[in-house]
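The values are calculated or read from the model by the stated rules, or taken from the named source; none is laboratory data. Treat the numbers as computed from the prediction; the structure is a model and nothing was measured. Note that each Cβ is placed from the backbone with ideal geometry, even for glycine, and that neighbours are counted across all protein chains shown. We work out accessible area using only protein heavy atoms, side chains counted, and drop any ligands, DNA or RNA first. Shrake-Rupley method; radii C 1.70, N 1.55, O 1.52, S 1.80 Å.
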Amino acid sequence: MAYQGFAQEYLGMPAVTRAYTTACVLTTAAVQLEFITPFQLYFNPDLIFRKFQIWRLITNFLFFGPLGFSFFFNMIFLYRYCRMLEEGSFRGRTADFVFMFLFGGFLMTLFGLFASLFFLGQAFTIMLVYVWSRRNPYIRMNFFGLLNFQAPFLPWVLMGFSLLLGNSIIIDLLGIAVGHIYYFLEDVFPNQPGGKKLLLTPSFLKMVFDTPEEDPNYNPLPEDRPEHQPRDHDQQHPQ
């Protein structure tokens, strides 16, 4: 029963959230089982552009460190806020959600070229949290039963928690910065006087990820209408 419940919950996850979290878990499992090492995954511009190890552009977003508190903490936040975004403000807009992934990943990769950052998955999680928090400004949050605050403060609370754990806050600041750039260009600037929408999802992404909308003016031929389709018991089968 537990397995069936887990399988049902897993299959009930929206597509992008399921794909990304699965990739992160499988990557960590592969490292734990020593099929691969973090040295094959980390972001290294020299190896990417000179040795053509292109996979590092993706794998550095998939590894969150060895199994432990930090890994599970990041996975919980990644799953929760990625899913809430995909089922909330991006419902029915999978292509736009994928484009946000690509846009955020591109900006973080550009920053990674000029800084010694090896893994950007945590920054990506903070970006997702930031966008969700700005789109849900009136939700009250509770952090470990200690702090109560409005949703827009959540990324900063997470950054403070990371600082208390002795981690560098550069990754958190990068996620907040990229999240704010996306939020401003997508939600704020188009609504300003003289503003316009600058982030336009490419049509090929819409073709791949979004189901085509039905034309409200489409009028099917009489023989194509459901009431004219033969029923199973009306169909004659050869003897």
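Calculate, for residue 197 and residue 34, the FRET efficiency according to 1/(1 + (r/R0)^6) with r their C-beta to C-beta distance and R0 41 Å; round to the nearest 0.05. List each step's numbers first, then the result.
Working: r = 47 Å, r/R0 = 1.15.
E(calc), rounded to 0.05, equals 0.30.
Whenever you get a sec, compute what percent of the accessible area on the chain sits on carbon and sulfur atoms (1.4 Å probe).
Numbers: 9770 of 15280 Å².
Of all accessible area on the chain, carbon and sulfur atoms account for 64 percent.
Just report the Cα centroid separation between segment 93-125 and segment 9-35, whole Å.
Centre-to-centre distance over Cα atoms comes out at 18 Å.
For the chain, what are the DSSP H helices with axial Cα length of 20 Å or more and mean Kyte-Doolittle hydropathy of at least -1.0? Walk me through the intermediate numbers first.
Details: long enough: 15-32 (25 Å, 0.84); 69-87 (27 Å, 0.50); 94-112 (27 Å, 1.68); 121-135 (22 Å, 0.44).
Result, helices passing both filters: 15-32, 69-87, 94-112, 121-135.
Residues with beta-carbon under 13 Å from that of residue 133, excluding residue 133: net charge, scoring Lys, Arg +1 and Asp, Glu -1?
So the surrounding residues net to +3.
What Kirkwood radius, in Å to one decimal, follows from the Cα pairs of segment 19-159?
Numbers: mean 1/r = 0.0618 Å⁻¹.
Answer for segment 19-159: a Kirkwood hydrodynamic radius of 16.2 Å.
With a ≥ b ≥ c the root eigenvalues of the C-alpha gyration tensor of the chain, is it rounded (a/c under 1.5), prolate (a/b larger than b/c) or oblate? Kindly include the intermediate steps, with their values, before the conclusion.
Details: a/c = 1.80, a/b = 1.55, b/c = 1.16.
Prolate shape, in that a/c is at least 1.5 and a/b is the bigger ratio.
What is the Å³ per residue value for the convex hull set by the Cα atoms of segment 122-169?
Details: hull volume 3.1 nm³, N = 48.
Value for segment 122-169: 64 Å³ per residue.
Using only DSSP helix segments of four residues or longer, with each worth -39500 (n - 2.57), what per-residue ellipticity at 222 nm results for the chain after dividing by its residue count and rounding to 500?
Only helices count here, giving -16000 deg cm²/dmol.
In whole percent, what relative contact order does segment 1-209 give with Cα contacts below 8 Å and a gap of six or more residues?
Numbers: 216 pairs, mean separation 39.7, N = 209.
Relative contact order, segment 1-209: 19 percent.
Computed FRET efficiency, Cβ-Cβ of residue 149 and residue 70, R0 25 Å: what is it to the nearest 0.05? Please report the intermediate quantities before stating the final value.
Values: r = 22 Å, r/R0 = 0.90.
So, using R0 = 25 Å, E works out to roughly 0.65.
Measuring with a 1.4 Å probe in the full set of protein chains, what accessible area per residue, in whole Å², belongs to segment 1-209?
Details: 11820 Å² over 209 residues.
Averaged over the residues of segment 1-209, the accessible area is 57 Å².
Net charge around residue 44, counting only other residues with Cβ within less than 13 Å of its Cβ (Lys, Arg = +1; Asp, Glu = -1)?
Values: positive: 50, 51, 56; negative: 46.
Once positives and negatives cancel, what remains is +2.
Once Lys and Arg get +1 and Asp and Glu get -1 on their Cβ, which of 89, 55, 111 lies farthest toward the positive end of the dipole of segment 1-209?
Selected residue: 89.
Report relative contact order for segment 133-172 in percent, whole number only (criteria: Cα-Cα under 8 Å, sequence separation at least 6).
Values: 34 pairs, mean separation 12.3, N = 40.
About 31 percent, as a whole number.
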